[in-house]
Amino acid sequence: MATKLKPADAITVTKLHPRIGAEIGGVDLSRETAPDTMAAINQAWYDHAVLLFRDQHMSDEDQLRFAANFGPIAERVVPPAGAHRPSGPDWTNIMYITDGKDADGNPLGSLGHGEMWFHSDKCYRPEPHRASFLYGIDIPTEGGHTKFASLYSAYDNMPDALKTRLADAFVMQGYDYGVSERLSLDVNLEDILHYAQPMILTHPDSGRKSLYITRLNTMWIEGMDRDESDAILEELFALTEAEDNYYEHVWRPGDLVMWDNLACLHARTDWPQDQLRTLRRCTVVGEKLY
Ligand SMILES: [Fe+2]
């Protein structure tokens, strides 16, 4: 018997924060999603950059099927020879973000324990991951929240003189598996994942401008004196991370959160060392940004 698909007018969209995020109600992601419902979800995604679906019961396959509506599922990128490689099990397109360990103390997943600074997934790749999807499994009783910061509002709040001056600027985006420290600017670029990207994006779907920088990844503004670059980046990181510029998500098991890496940053807060936190992640690839 064919599964009955829910019509788009049955879904609800409720804002989570004045600048970013919405909760979508009335959708069961363990089933195929009807085309007109997908169109409504897509519009909400363009409008709000982060979408939350509560109380979902999703398998790996369900998560991959839903994500595939937004682009080709990304596969793991193996770091270049000589580059640092994180410990943890191999995976292809489903990554478990967990601090869990097996009986011998080996990590059961990726990204371990503790705070992680604001970043944008794979901004240091030629084709950054467009959307990321996280499903809540083991959730600590306190902490382990995910903050989502609006890059649209960060751009809107830039001083006009900087908007003009940096309109065509590029920044070097890098990553070396650190989670809460700036990259050393003296690092040999060939030893880390890196790519120069436009600093200000015109979003391919919403048409809005976003300030595409992150404290974890953005090393410098290309072609600028290093001290001046550092000073400007520090001023602009502060806009992205301002208290009124992010929604802080308090996880529940069964939450599926998806976000647009070209429109927001994400970060996680610390949680008690003796508590397990496990989330299941997949992503979809985007296009080159210029
Ligand atoms: Fe991430």
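The values are calculated or read from the model by the stated rules, or taken from the named source; none is laboratory data. Keep in mind it's a predicted model, so treat the numbers as computed, not measured. Glycine also receives a Cβ, built like all others from the backbone with ideal geometry; neighbour counts cover every protein chain displayed.
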Could you pull out the residue among Ser120, Ser132, Ser180, Ser150 that is closer than 15 Å to Ala267 by Cα, polar (S, T, N, Q) and exposed (fewer than 14 other Cβ atoms within 10 Å of the Cβ)?
Ser180
Matching strands (runs of 3 or more DSSP E) fully within region 6-91 where at least 1 residues are touching a Leu at 6+ places or on another chain (Cβ under 8 Å) and at pLDDT 95 or above:
22-25, 50-53
Test: Leu134 is in contact (Cβ under 8 Å) with a residue 24 or more places away in the chain, within 12 Å of the ligand (Cβ to nearest atom) and either farther than 30 Å from Thr202 by Cβ or charged (D, E, K, R) (or both)
no
Residue selected from region 94-126 under the condition away from the ligand (no atom under 16 Å from the Cβ) and assigned to a loop (DSSP other than H, G, I, E, B), by the criterion modelled with the highest pLDDT:
Pro126
Sort through Arg165, Arg208 and tell me the only one that's out of contact with any strand residue (DSSP E or B) (no Cβ under 9 Å at 6 or more places or on another chain) and more than 13 Å from the ligand (Cβ to nearest atom).
Arg165
Could you please find all residues in region 228-244 being more than 18 Å from the chain's Cα centre (by Cα) and not aliphatic (A, V, I, L, M)?
Glu228, Ser229, Asp230, Glu234, Glu235, Glu243, Asp244
Could you go through region 275-286 and let me know if any residue there is out of contact with any Leu (no Cβ under 9 Å at 6 or more places or on another chain), surrounded by fewer than 18 Cβ atoms within 10 Å (Cβ to Cβ) and under 26 Å from Ala49 (Cα atoms).
yes
So which residues in region 205-230 are loosely packed, with under 13 Cβ neighbours inside 10 Å and closer than 19 Å to Glu127 by Cα, if there are any at all?
Gly207
Working only within region 165-175, note down all residues that are touching a residue at least 12 places away in the same chain (Cβ under 8 Å) and outside any loop (DSSP other than H, G, I, E, B).
Phe170, Val171, Met172, Gln173, Gly174, Tyr175
Would you confirm, using the coordinates I've provided, whether Lys147 is basic (Lys, Arg) and in contact with a Pro (Cβ under 9 Å, 6 or more places away or on another chain)?
no
